[in-house]
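First the structure, in the form of structure tokens, and then the observations on it.
The values are calculated or read from the model by the stated rules, or taken from the named source; none is laboratory data. Because the structure is predicted, anything quoted here is derived from the model rather than measured. Reconstructed Cβ throughout: ideal geometry from the backbone, glycine too, with neighbour counts over all protein chains shown.
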Amino acid sequence: MKPKVAFFEFTSCEGCQLTVLDTLQRHPELLEVIEIVQFREAMSERGEDYQIAFIEGSCTRPSDEAKIREIREQAQIVVALGACAHLGGINAIRNRMPLEQTREYVYGDKKDWFETYPARPLSAVIEVDAVIPGCPIDRKEFATAVTHLLQGRKPAIPDYPLCIDCKLTENVCMFLRGQTCLGPVTRAGCEAICPAQGQGCEGCRGLIPSPNMHSIKQALREHGMTEDQIAAKLSLFLTYQTMQLEGVTPA
Amino acid sequence: MTTLLRETLDHSSIYMPTPARIVAVEQFTELEKWFHLELPSGFTIAHQPGQFVEVSVLGIGEAPISICSSPARSNGAFELCVRRVGKLTEALHRLEPGSMIGVRGPFGHGFPIDRFQGKDIVFVAGGLGLAPLRSLITEVLDERGKYGRVALLYGARTPKDFLFPDDLKSWAERGDIECHVTVDRPTDGWDGNVGVITTLLPKIDFPARNTIATVVGPPVMYKFVLQDLLAKGVAEGNIWLSFERQMKCGVGKCGHCQMHHIYTCQTGPVLSYAEVKDLEEALS
Amino acid sequence: MRILPKHLLQAWVERLRVDHRVVAPRESHGQYIFDEITSADELVLDYHSSVLPPKKYFLPPREDLFTFNAKTMEMSPVIEEIQPTVIMALHTCDLHAIQLLDRIQGTGHVDQHYQARRRKTTLVSIECMEPCMAQAFCKSLGTLSVPEQFDVHLTDLGDRYAVDVGSDAGEALIRGMGFFWKPSDADYDRFNEVMAGKWPNFDYRLDCDVTDLPNLLGASHDSALWDEIGERCLSCGQCTKVCPTCYCFDVVDEIDLKLEKGKRVRVWDSCLLEKFAVVAGGHDFRNSRANRLRHRFMRKGKYQLEAYGLLGCVGCGRCALSCPAHITPIATLNTLNERRQASPGESA
């Protein structure tokens, strides 16, 4: 019996689901081992008897919570798909600013028309069984996650930093190239594609379990970044996680 | 001709397992199962009590597991007692009789049983530590005449967590091995000892000079048991401990099990206190 | 000794390329990477160091150990029969490291995967005339000259190389090639002059003698220094990846979506990483960055010597160059030494 799989999205760009579609095209054999019953990006049917739910997007308004809980009730396994679901993602940048100010900035005089609250990862709302990190997710990691689910285990993702991936592919360290990088505190698993293309890591896969934030900030400082620049660098994908580490609640 | 399992390492690759069939599975506790395994015909395992094998579920991975059966009774078959604690053991627990797994080994050094002859032996087992010790206990009891007095001290978390209940019963009945068990937390109906394993040590009054102690259990147990054994006067070289470490390869190559200059998988897992007492990492 | 005129170097390498894969340093973003050359004119002998040491040719970062069919239990070892390979321009520190790796992989259970690659590889090393980078401390560790085992060693005499052969495999790269001359008395004089002239170019950077390292480290177990540098350590593991003597690995299974065909793969691991010494039940035998750093230093300066008779550090300086937190062997060992001298008898 093929497990029934459903895809859902909350606040996101849906890029991770596009990556899933791309993965399905590259690995059509995926459809021989799973049955997709709901996937708005790809089909119009909406089956509700799924066992595995992949959820893209962060939770950014109170009314999302009920739907997320409903999915949790139905699914045996809930997988957070991508940086927004995993970390709150880019949507959480606003969490450090007063919410009213953000609403005004974004919606102007129509701000009261839109419901919103500080962005949060799925794990802040429900228990999440597994995560496929990244912005967007990695195709290979998605296929591996499905394999693990078929084996009856929780998809495993690396818990070591990106520097490992970078060195395994023998990239020259971005710091040695005079650039900055969040690799030493960011979860590996992407084969260090950004450094391989000459771009320092932005942290889209989230922090490793015990990041040395003090030390990474010092390294960034030594490579010419101001405190503001460091804060900005750590805000793109890591606002929710760094605020948690600091014990700061959204404004 | 019989091929020893470890000889299969010499040709092809030291990392390639030999298939073994699960012939029977018994659930001991919620977390622990007892697996009876059979090697292909013509293979035998020839292990020392205390040695381990690397067990593979192909597609999941590999993990080190102590052999719990007696070498003398092996004859191509052996047994493992497996606690479900990680991805490999979870997969193993899902397997039914008839399933195939992979095994490599046996690896390292077990208990130097030849040096135990004529001595009194105290087996100190905490939890799953009874598994490797059962291999030794069975071996000792099979040749009971070679040894002095023999005692087993065994601690489990609750009365529901005792492993090898049939063995415990038969050992208790045979009269030539003193058996003392204790639990950390009693449940209704338990009228035996309650408390950590060291509370059992005073029950043994062997002359320390002639005593061998074999200790296997969780890391936290070692410090306290050692303290009491040394205080009793058991010689440092007569206290044998089995060290648990992450062992990815079993052949002294992957580096995970290193403590000081020792690869636990090769020099250990069984080492005497005399060998490790100066190794700060061993018992920290 | 033989003499190779510099203008014949490329011809020799081109000749080697006929029946060998020739590997040499290649520039990349200001650093160097060992890579196959496709023409002798790509050859670079003058380079400071490489990102990854040449160990990658014997112990690849990711390596298939065997393939399997999980349904039928068929298994088949993957012992890669590589093309005969020549690695050019190795620094002597890297040769010392390979000597240690050879010993480790050949001790006890011999690793057939390593052996298959190592057997097919011949090493051409060069004598270092100046420190390759500020982080190197080869002179202090005694790795500034060729170890006992080497294949072909080149010493730059200006317009020509002195060529020493240390093995049959090395001899096979030279014999009958026609590019090599017999040395004259003037060549020997020049060789002696060059060799005598190079030593003052290097400093002893370690404040204690190399033979004292095991003692120094042995007494440092409870040193506060480990906590101090542990505070800075990112546990990023780069120091171990770039280390020419690190060989620890993890093993992972990969399997297809039908859960049938797969392979077991080994991947370089690192003792600096958080999960390295955690057992299945969750107990962590090295549960802080300080403990893990200490273990790495002990391994380099003490344990490997005790286990294999060779020091685990060759002074190449790669770890010091790559550490984003500037944790370096020289600063660490010299600080331990300083504190030992300040309070003898106590833990540094």
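Considering only segment C:127-157, state which residues are crowded, with 21+ Cβ neighbours inside 10 Å and either part of a strand (DSSP E or B) or polar (S, T, N, Q) (or both). Those that are crowded, with 21+ Cβ neighbours inside 10 Å and either part of a strand (DSSP E or B) or polar (S, T, N, Q) (or both): C:Q135, C:S140, C:T143, C:V152, C:H153, C:T155.
Quick check: anything in segment A:56-67 within 14 Å of another protein chain (Cβ to nearest Cβ) and of a type in the set (K, R)? Within segment A:56-67, not a single residue is within 14 Å of another protein chain (Cβ to nearest Cβ) and of a type in the set (K, R). Residues of segment C:194-241 that are in a loop (DSSP other than H, G, I, E, B), in contact (Cβ under 8 Å) with a residue 60 or more places away in the chain and farther than 29 Å from A:A219 by Cβ: C:F202, C:Y204, C:C208, C:A219.
The helices (runs of 4 or more DSSP H) found wholly in segment C:286-340 and carrying at least 2 residues that are within 14 Å of chain B (Cβ to nearest Cβ) occupy C:289-298, C:304-308.
The selection criterion, being within 14 Å of chain B (Cβ to nearest Cβ), surrounded by fewer than 20 Cβ atoms within 10 Å (Cβ to Cβ), in contact with a Lys or Arg (Cβ under 8 Å, 6 or more places away or on another chain) and not in a strand (DSSP E or B), holds for C:E80.
Which one is surrounded by the most Cβ atoms within 10 Å (Cβ to Cβ) among residues in segment A:121-142 that are in a loop (DSSP other than H, G, I, E, B) and among the hydrophobic types (A, V, I, L, M, F, W, C)? Result: A:C135.
Rundown of residues vs (1) crowded, with 22+ Cβ neighbours inside 10 Å; (2) within 21 Å of C:W268 (Cα to Cα); (3) of a type in the set (V, I, T); (4) more than 10 Å from every other protein chain (Cβ to nearest Cβ), yes/no style:
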position: A:N171; (1), (2), (3), (4): yes, yes, no, no
position: A:F175; (1), (2), (3), (4): no, no, no, no
position: A:G178; (1), (2), (3), (4): no, no, no, no
position: A:C181; (1), (2), (3), (4): yes, no, no, no
position: A:C190; (1), (2), (3), (4): yes, yes, no, yes
position: A:I193; (1), (2), (3), (4): no, yes, yes, yes
position: A:A196; (1), (2), (3), (4): no, yes, no, yes
position: A:C204; (1), (2), (3), (4): yes, no, no, yes
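Taking the criterion of being among the hydrophobic types (A, V, I, L, M, F, W, C) and either closer than 13 Å to A:A192 by Cα or facing another protein chain (nearest Cβ under 7 Å) (or both), the residues of segment A:157-169 that qualify are A:L162, A:C163, A:I164, A:C166, A:L168. Filtered by the rule that a residue be without any contact (Cβ under 8 Å) to a residue 40 or more places away in the chain and either closer than 13 Å to A:S123 by Cβ or among the aliphatic types (A, V, I, L, M) (or both), segment A:53-85 gives a lone residue, A:A66. Would you check if there is a residue in segment A:32-48 being crowded, with 23+ Cβ neighbours inside 10 Å and among the β-branched types (V, I, T)? No, segment A:32-48 has no match at all.
Residues in segment A:170-210 that are more than 15 Å from A:C135 (Cα to Cα) and in contact (Cβ under 8 Å) with a residue 40 or more places away in the chain were compared, and the one that is farthest from the chain's Cα centre (by Cα) is A:G178. Of the listed requirements (1) surrounded by fewer than 20 Cβ atoms within 10 Å (Cβ to Cβ); (2) in a helix (DSSP H, G or I), B:M221 misses just one: (1).
Within segment C:194-246, the set of residues being under 21 Å from A:N171 (Cβ atoms) and under 22 Å from the mean Cα position of the chain (by Cα) comprises C:S235, C:C236, C:G237, C:Q238, C:C239, C:T240, C:K241, C:V242, C:C243, C:P244, C:C246. Here the condition is being free of Cβ contacts under 8 Å to residues at least 12 places away in the same chain and more than 21 Å from A:E127 (Cβ to Cβ); of A:E41, A:E35, A:E29, A:E14, it holds for A:E29 alone. Do we have any residue at all in segment C:101-112 that's assigned by TED's automatic domain parsing to the domain that holds C:G30, farther than 27 Å from C:A320 by Cα and crowded, with 22+ Cβ neighbours inside 10 Å? Yes, some residue in segment C:101-112 is assigned by TED's automatic domain parsing to the domain that holds C:G30, farther than 27 Å from C:A320 by Cα and crowded, with 22+ Cβ neighbours inside 10 Å.
Within segment A:212-235, can you find the residues that are in contact with a Leu (Cβ under 9 Å, 6 or more places away or on another chain) and assigned to a loop (DSSP other than H, G, I, E, B)? Selection gives A:N212, A:L234. Residues of segment B:238-260 that are in contact with a Leu (Cβ under 8 Å, 6 or more places away or on another chain), outside any strand (DSSP E or B) and either in contact (Cβ under 8 Å) with a residue 60 or more places away in the chain or within 8 Å of another protein chain (Cβ to nearest Cβ) (or both): B:V251, B:H260. B:I14 satisfies every condition listed in (1) within 9 Å of chain C (Cβ to nearest Cβ); (2) touching a Gly at 6+ places or on another chain (Cβ under 7 Å); (3) not hydroxyl-bearing (S, T, Y) except (2).
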